[in-house]
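Have a look at the structure below, then the notes.
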Amino acid sequence: MEFNVRRLAADAGTFLSRAVQFTEEKFGQAEKTELDAHLETLLSRVESTKHWTEKIMKQTEVLLQPNPNVRMEEFLYEMLDKKVPMRANNHELLGECMIDSGHEFGPGTAYGSTLIKCGETEKLLGSAEKEFIQSSAINFLTPFRNFIEGDFKTILKERKLLQNKRLDLDAAKNRLKKARVADARSAELNSSPPLGEEYVAHFSYMLRFLHVRWLKAEIELRIAQSEFDRQAEITRLLLEGISSTHAHHLRCLNDFVDAQAAYYAQCYQYMVNLQKQLGSFPSTFSNNNQPAGSSSASIWVPTAQPAASLPAPPPSQASPALNELRSTSGTRKARVLYDYDAASSSELSLLADEVITVSSVPDMDTDWLMGQRGNQKGKVPITYLELLN
């Protein structure tokens, strides 16, 4: 392998000089050139921008994908430059589960039909969530990540070069300072040279050597100062560009807010539409699973209260069949119209569309019958039943 020995030796010498200067500065044995206040302010502003950009990115990623395992998997796919496989999100998984269970119970039943409608809405919510995540990743996270992985790395590179140029400048200042001290001492010795002609040639050579060394140090200092000033200007221009970065991030933040507003508005509209579809069910069917202590005026839980507190029986219930059932004290088959949760141990819970056996018991409230399902027995409200022929 071919390489330039002189270049290698020069680089090694420069590295050693920087290391010595850095060490002496740490121990307070060498002076350090301070950057101007404006440059220091810009450097602090860039560091603050980098710190908060990383934190915002991290929290946004947690918001868009709360599962840390999935985030790690997506990161590995990105590192391997492979496409992330498509997967159903939680809304879509819930929607598929509801739809499958609705078909199992029967689309013709009230419960099955409601499950299917809710499942379809959940899948719509899942699709809206995917669109929101994709939009946020492109319009918000990507520009932030480009700053961290692009612009900020360029700034770090130029800042490191500025640090090296400063070390070179301070090392050149120290060399010049030492050369001046040596030159001053040689001038003092030259003013009173030692006796003997054999020393004259030696002192003349030393004076010329020290003078050349002083001139070389002077030239090195000028070169180091010029390179430092040039690198400081390059770094300053890059740092001043952070204002443009803030303006770009501001536009991205507006896009993110717009995407959130559109996403939540779309989800709200989906749920309003679902509420309208479910509004076709009777209020007693829609609300009979609410807690008995709820303050909602539309909630009604049947209990063993006076007949005036129960809904009036529909015309089909006030039929000869019901009168016959009460007069004969026999049994009759009845189909359940709506789900009903028992309010006490003396009542029987009901499921919509099931068929039970009912009978009339003496001295029982006229709005109630005795229902039986297998070995289970309890009071049931007439308004929830349809007597079968």
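The values are calculated or read from the model by the stated rules, or taken from the named source; none is laboratory data. None of the values given here were measured: they were computed from a predicted structure. Neighbour counts run over all protein chains shown; Cβ positions are idealised from the backbone, glycine included. The protein model used for the area step is the full one, side chains on, heavy atoms only, and it has no ligands, DNA or RNA in it. Shrake-Rupley method; radii C 1.70, N 1.55, O 1.52, S 1.80 Å.
Here the range 244-260 is the region considered, the condition is being open to solvent by less than 60 Å² (accessible area, probe 1.4 Å) and among the small types (G, A, S), and the residue that is farthest from the chain's Cα centre (by Cα) is A247. Can you say whether A184 is surrounded by 16 or more Cβ atoms within 10 Å (Cβ to Cβ), small (G, A, S) and either modelled with pLDDT of 90 or more or assigned to a helix (DSSP H, G or I) (or both), as far as the supplied structure shows? Spelling it out, it is not the case that A184 is surrounded by 16 or more Cβ atoms within 10 Å (Cβ to Cβ), small (G, A, S) and either modelled with pLDDT of 90 or more or assigned to a helix (DSSP H, G or I) (or both).
A single member of L35, L42 is under 18 Å from R166 (Cβ atoms) and either in a loop (DSSP other than H, G, I, E, B) or touching a Phe, Trp or Tyr at 6+ places or on another chain (Cβ under 8 Å) (or both), and it is L35. Would you call L141 farther than 30 Å from L39 by Cα and either of a type in the set (G, A, S) or in a helix (DSSP H, G or I) (or both)? Here the answer is no, as L141 does not meet what is asked. Here E25 meets each of (1) over 30 Å from the mean Cα position of the chain (by Cα); (2) modelled with pLDDT of 75 or more with one exception, condition (2). Within the range 215-227, residues that are at pLDDT below 90 and buried (at least 18 other Cβ atoms within 10 Å of the Cβ) have Cβ atoms under 6 Å from residues that are of a type in the set (K, R) and in a helix (DSSP H, G or I) in these pairs: A217/R175, counting only partners at least 6 apart in sequence or on another chain. Scanning the range 318-368 for residues being touching a helix residue (DSSP H, G or I) at 6+ places or on another chain (Cβ under 7 Å), in contact (Cβ under 8 Å) with a residue 40 or more places away in the chain and not in a loop (DSSP other than H, G, I, E, B) gives a total of 4.
For the range 90-110, a residue qualifies if it is surrounded by fewer than 17 Cβ atoms within 10 Å (Cβ to Cβ) and either over 30 Å from F256 (Cβ atoms) or over 18 Å from the mean Cα position of the chain (by Cα) (or both), and the qualifying residues are L93, E96, C97, D100, S101, H103, E104, G106, P107, G108, T109.
Taking the numbered list (1) at pLDDT below 80; (2) part of a helix (DSSP H, G or I); (3) not β-branched (V, I, T) in turn, W52 passes all entries but (1).
When you go through (1) part of a loop (DSSP other than H, G, I, E, B); (2) surrounded by 13 or more Cβ atoms within 10 Å (Cβ to Cβ); (3) of a type in the set (D, E, K, R) one by one for K379, which number turns out not to apply? Every listed condition holds for K379 apart from (1). L195 meets all of the listed conditions (1) open to solvent by less than 70 Å² (accessible area, probe 1.4 Å); (2) modelled with pLDDT under 70; (3) not aromatic (F, W, Y) but one, namely (1).
Here R18, R87 are screened, and the one residue that is outside any helix (DSSP H, G or I) and at pLDDT 75 or above is R87.
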